[in-house]
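To keep things clear, I will list the structure first and then write my remarks on it.
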Amino acid sequence: MKFRAKIVDGACLNHFTRISNMIAKLAKTCTLRISPDKLNFILCDKLANGGVSMWCELEQENFFSEFQMEGLSAENNEIYLELTSENLSRALKTAHNARALKIKLTNKHFPCLTVSVELFSMSSSSRIATHDIPIKVIPRKLWKDLQEPMVPDPDVSIYLPVLKTMKSVVEKMKNISSHLIIEANLDGELNLKIETELVRVTTHFKDLGNPPLASESTSQDRNPGHMAEVHIDIRKLLQFLAGQQVNPTKALCNIVTNKMVHFDLLHEDVSLQYFIPALS
């Protein structure tokens, strides 16, 4: 297995660094899937065990000026690596305004993802900062557990409000309750609710809009004002919102009543899907 890639464009480098910072906030460890045309950051804490799942995807040609990889074999031309997300994010911190970034699969007594950052210097020679990130190569037999999660048909699909606003609301609610109810309808309304023995608090968002497909397929069967709801762990929602440093180009919330909430975000050309299971 071989992998080497290079970024020279400053905007691509900064965007890749932001993606890495977001992943570090969403997942302590993650799987990096490398294929000829895509990179994926994957988290698969089984939904059945009450864990969240994440699937982040970027097209390599949008970021890298050079990209070479040889997977396990010709028919299985992919590489799956497990790494500590923060190690990658920390290595890329030095890449801010760098001249170039190289990433390579190496073996230095143990398998590594070696990140080399070429920095600008006052003299004609360039300075290079190198970081060796320990990784585990995931064997072929475990790949089946790391595929893109299936998205069940949602009862309601709705655009999200500004994520910063949503985060400040949820942060305040966390001081009162560890559970949260998200409910939404096909009239563009979304509510965040907490209920305890002593208090009930609801924050209403209106006129958010629903994606056309969702409205057409579901609205024929039912009252558009009817609320679909899901009870979730408030900390898991907060962790997701804390990871969003930049407001995305598109942000959708899909609710499968009493099963899960699925967030579907687009950051320019990077897609992020995040699944939070309902509390049983």
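The values are calculated or read from the model by the stated rules, or taken from the named source; none is laboratory data. All figures in this text were calculated on a predicted structure; none of them were measured in a lab. For neighbour counting, all protein chains shown are included, and Cβ atoms are generated from backbone atoms with ideal geometry for every residue, glycine included. Keep in mind that these areas ignore ligands, DNA and RNA; they rest on the heavy atoms of the full protein, side chains included. Shrake-Rupley method; radii C 1.70, N 1.55, O 1.52, S 1.80 Å.
Annotations for the structure displayed:
- Rounded if a/c under 1.5, otherwise prolate or oblate - segment 1-51, Cα gyration tensor axes: oblate
- As a ratio to 2.2 N^0.38 Å, the alpha-carbon radius of gyration for the chain is 1.11.
- Kirkwood-type radius of segment 2-145, with distances r between different C-alpha atoms, in Å: 15.8 Å
- Considering only Gln147, Gly225, Phe120, the residue lying farthest towards the positive end of the dipole of the chain is Phe120, judged by Cα position with unit charges set on Cβ.
- Cα gyration tensor shape for segment 163-203, rounded if a/c is under 1.5, else prolate or oblate: oblate
- Lys, Arg +1 and Asp, Glu -1 on Cβ, resulting dipole of segment 12-65 about Cα centre, debye, nearest 20: 280 debye
- Long pairs among Lys93/Lys174; Lys6/Lys250; Lys93/Lys236; Lys164/Lys236, criterion Cα-Cα beyond 24 Å: Lys93/Lys174; Lys6/Lys250; Lys93/Lys236
- Calculated mean residue ellipticity at 222 nm for the chain: -6000 deg cm²/dmol, from DSSP H runs with n ≥ 4 weighted as -39500 (n - 2.57), summed, divided by the residue count and rounded to 500.
- Taking other residues whose beta carbon is less than 14 angstrom from the beta carbon of Lys193, and scoring Lys, Arg as +1 and Asp, Glu as -1, yields -1.
- Net charge of neighbours whose Cβ lies under 13 Å from the Cβ of Ile234, counting Lys and Arg as +1 and Asp and Glu as -1: +3
- Burial order of peptide ranges 160-172, 256-268, 63-75 (average beta-carbon count within 10 Å, highest first): 256-268, 160-172, 63-75
- Take segment 2-145 with all the other protein chains still there, run a 1.4 Å probe, and you get 51 Å² of accessible area per residue.
- Alpha-carbon centroid distance for the pair segment 128-168 / segment 49-98, whole angstrom: 11 Å
- Equivalent ellipsoid, segment 156-277 (semi-axes from 5 times Cα gyration tensor eigenvalues, Å): 22, 19, 12
- Net charge contributed by nearby residues that have their C-beta within less than 11 Å of Leu208 (K/R +1, D/E -1): -2
- Of the DSSP H helices in the chain, those whose Cα atoms cover at least 15 Å axially and whose Kyte score averages -1.0 or more: 10-26, 163-174
- Kirkwood hydrodynamic radius (C-alpha pairs) into Stokes-Einstein, segment 76-141, 37 °C and 0.692 mPa s, D in µm²/s: 250 µm²/s
- Over all Cα atoms in segment 113-206, the spread is summed up by Rg and Dmax: 23.5, 69 Å.
- Ala74 versus Val162: modelled label distance in nm, points set 7 Å from Cα along the beta carbon direction: 5.6 nm
- Among Ile176, Val246, Met260 the positive-end extreme of the charge dipole of segment 156-277 (Cβ point charges): Ile176
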